[in-house]
């Protein structure tokens, strides 16, 4: 992983990406990954990140990340929107 990170940093530097933009993008991706792991639960995500939930909320706002959109995007779709095929059952009427 260290080698991959070194390669990524070199690519970002060569592309002229500023330190501020690189750190901002890293924060966004890392926080989004932790939130996805906890299915949008900010309290659990903040605990894993080692910060208070209010700090996470402020950080999301500073990074222009919509917490409602993140939370809604991580929820399972309602049953009517899922493409779930139900198994066919053979029903035999009058048989015992």
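The values are calculated or read from the model by the stated rules, or taken from the named source; none is laboratory data. Everything quoted here is computed from the prediction, not taken from an experiment. In this analysis, Cβ positions are derived from the backbone assuming ideal geometry, glycine residues included, and neighbour counts consider all displayed protein chains.
Of everything in the range 26-40 that's farther than 14 Å from residue 65 by Cβ and surrounded by fewer than 15 Cβ atoms within 10 Å (Cβ to Cβ), which residue is modelled with the lowest pLDDT? The residue in question is 39.
State which residue pairs qualify: first residue at positive phi and in contact (Cβ under 8 Å) with a residue 12 or more places away in the chain and inside the range 36-50, second residue crowded, with 17+ Cβ neighbours inside 10 Å and in a helix (DSSP H, G or I) in any location, beta carbons under 7 Å apart, and separation of 6 or more residues or different chains. As it stands, the answer is 40/70, since those pairs meet every condition given.
Can you name every residue in the range 2-29 that is touching a residue at least 12 places away in the same chain (Cβ under 8 Å) and within 17 Å of residue 74 (Cα to Cα)? Correct list: 28 only.
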